[in-house]
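Each reported figure results from applying straightforward, stated rules to the coordinates on display, with no laboratory input. What you see is a predicted model; the values in this text were computed from it and never measured. So basically every Cβ, Gly included, is an ideal-geometry build from the backbone, and we count neighbours across all protein chains shown.
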Amino acid sequence: MAQKQDDEIPATPADDIAKLRFEDALAELERIVSELERGDIGLEESISLYERGAALKRHCEAKLKEAELRIQKIMQLANGDVTLTDFPPQGRSSSPVSSDQGGETGGQSDDETPF
C-alpha cells in the first residue's frame, strides 16, 4: 500500500488555520517542512504544501506576537506601575529598548525553515 495521498499532512482548509492552536499549527508546519525536505513529492504538491506552510508560519508568528503583547501587559514593577518591555526579534541582537536586565537573546533563527 504505497499510496502517497495526504496521509501525513492533514488537509485543513486555509480558513481553518485561524482556528488552530499555536501548538497544532506548529506541529503541522513541522510535518510540512519534513515532507518538503524529503523531496519525494511532485512539484504541484510541493507548491501547495509550501503555500500552506507559509500560511501556518504567519499564523504562528501572529500567535507569538499576541502572547508577547499579553506578557507586556502583565509585567509590573514592584511599586505597581506597569512597564512595557519590548522583546527583541529572534535572531537579532539589536533592540529599540535598552534594559538593565538585557543579555537574554534567543540563539535560534528562522533561517532553519524554508519559509
Next item on the list: Please turn the phi angles of the stretch 55-64 into ³J(HN,Hα) values with the Karplus equation 6.51 cos²θ - 1.76 cosθ + 1.60 (θ = phi - 60°), one per residue in order, whole Hz, x for glycine and proline.
Entry: 5, 5, 4, 4, 5, 5, 4, 5, 4, 5
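Which of SER46, SER34 comes first, and how do the rest follow, when ranked by fewest Cβ neighbours within 10 Å? Write down the numbers at each step before the final one.
Details: SER46 15, SER34 11.
Taking fewest neighbouring Cβ atoms as first place, the list is SER34, SER46.
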